[in-house]
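**Student:** Got a structure for you, written out below as structure tokens; questions coming shortly.
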Amino acid sequence: MYQVIDGKKISQEIKDELREKAARMREQGIERTLAVVQVGADPASSVYVRNKKKACEYVGVRSLSYELPEETGEEKLLGIIRELNEREDVNGILVQLPLPSHINEERVLLAISPEKDVDGFHPVNVGNLSIGRPGYVSCTPAGVIQLLKRSGISIQGKECVVLGRSNIVGKPMAMLLLRENGTVTVCHSRTENLREITRRADILVAAVGKPRMVDETYVKDGAVVIDVGIHRNEDNKLCGDVDFESVAPKTSYITPVPGGVGPMTIAMLMANCVEGI
Ligand code: NDP
């Protein structure tokens, strides 16, 4: 019988621990501040930004909000980031993606000081992760590690297969599993004999961006399956990269969508804000 990993519960535990920690820090006169920058009013981005601010309020992180109009120029945005980099009272800077098409996303992310890059996207932090130095880690893959650890699933020595090699999920996920002493394989759209590889996995992380692509034929009996994907299906219901119904009975543990990896991303953002590097 498989167990469903409850990401909502685990993310709440983490936020409660961070709330206590932030309160203790405040008693010592230390306050954490996150600056959240949004350009334009994309409805999905607005929901994410609202949820991040709500989490800040709950945990006890001060949040500064920069809601800039869609037509904001790149230079203006870079100026605001430079200002935030300089401010001693700001510990974290988050620029909500995607940015409008007239702004170069890479230039903007590079402008954020690595010491304040709580999203963990800056090449300095990516590099630190790959050579085992302290630094901010991308929140979604960091959340997956917490889901595994807090469910009592050991990673050491396990065959871990990551399906997807994006800069924000697949690659940092692979580096983190390696840091935990997993034996890691990364698959992508050019991988040959995909099922042969995924069927070797003790821990399979699906971050492929294709609704319900991973069915039972990709999964070994007793595997742990973590579904990072988020999509809306034909009925406007949320689903993941994994076909939960067919896969779950083969697994020992599996994350649902919604309520699995999703809630962990904001919890880990809060961890980055409170705990720093
Ligand atoms: P990307 O689209 O950036 O990357 C997808 C990866 O999957 C690529 O490396 C691609 O390979 C690979 N891929 C695509 N099709 C196949 C295939 N048929 N076989 C094997 N590999 C394939 O997606 P992200 O990494 O940004 O996101 C992945 C999923 O996670 C999405 O559903 C996204 O919505 C979700 N997500 C969820 C978050 C959360 O908080 N829970 C946060 C971020 C993302 P190649 O490199 O060769 O193109």
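**Student:** Name the residue that is farthest from the ligand (Cβ to nearest atom), counting only residues in region 98-130 that are over 14 Å from Met173 (Cα atoms), open to solvent by 60 Å² or more (accessible area, probe 1.4 Å) and in a helix (DSSP H, G or I).
**Tutor:** Glu115
**Student:** Here is a follow-up. Quick one: is Thr265 within 15 Å of the chain's Cα centre (by Cα), open to solvent by 20 Å² or more (accessible area, probe 1.4 Å) and not charged (D, E, K, R)? Don't jump to the end; show me each part of the working.
**Tutor:** Details: within 15 Å of the chain's Cα centre (by Cα): yes; open to solvent by 20 Å² or more (accessible area, probe 1.4 Å): yes; not charged (D, E, K, R): yes.
Answer is yes for this residue.
**Student:** Quick one: how many residues across region 242-262 are over 23 Å from Ser11 (Cα atoms) and among the small types (Gly, Ala, Ser)?
**Tutor:** Adding up the residues that qualify gives 1.
**Student:** Taking the criterion of being open to solvent by less than 40 Å² (accessible area, probe 1.4 Å) and among the polar types (S, T, N, Q), would at least one residue in region 16-33 satisfy it?
**Tutor:** First pass over region 16-33, keeping only residues open to solvent by less than 40 Å² (accessible area, probe 1.4 Å): 18, 22-23, 25, 33.
If we keep only those that are among the polar types (S, T, N, Q) too, we end up with 33.
For region 16-33, residues open to solvent by less than 40 Å² (accessible area, probe 1.4 Å) and among the polar types (S, T, N, Q): present.
**Student:** In region 35-63, what residues are within 20 Å of Glu105 (Cα to Cα), among the hydrophobic types (A, V, I, L, M, F, W, C) and not in a helix (DSSP H, G or I)?
**Tutor:** Ala35, Val36, Val37, Val39, Ala41
**Student:** Enumerate the pairs (first residue in region 12-28 and closer than 14 Å to Cys273 by Cα; second residue anywhere and part of a helix (DSSP H, G or I) and among the aromatic types (Phe, Trp, Tyr)) with beta-carbon separation below 7 Å, excluding pairs fewer than 6 apart on the same chain, so at least 6 apart or on different chains.
**Tutor:** Filtered contacts from region 12-28: Lys15/Tyr58; Arg19/Tyr58.
**Student:** Continuing with this model, one more query. Limited to region 244-261, what total is found for residues that are open to solvent by 40 Å² or more (accessible area, probe 1.4 Å) and within 16 Å of the ligand (Cβ to nearest atom)? Before you say what the answer is, go through the steps one by one.
**Tutor:** Of the residues in region 244-261, the ones open to solvent by 40 Å² or more (accessible area, probe 1.4 Å) are 244-245, 249-250, 253, 258.
Right, trim to within 16 Å of the ligand (Cβ to nearest atom) and you get 244, 258.
Number satisfying all stated conditions: 2.
The values are calculated or read from the model by the stated rules, or taken from the named source; none is laboratory data. Keep in mind that what you see is a predicted model, and the values were worked out from it rather than measured. All Cβ positions, even for glycine, are placed from backbone atoms using ideal geometry, and neighbour counts span all protein chains on display. Just so you know, the surface numbers come from the protein's heavy atoms only, side chains and all, with ligands and any DNA or RNA stripped out. Shrake-Rupley method; radii C 1.70, N 1.55, O 1.52, S 1.80 Å.
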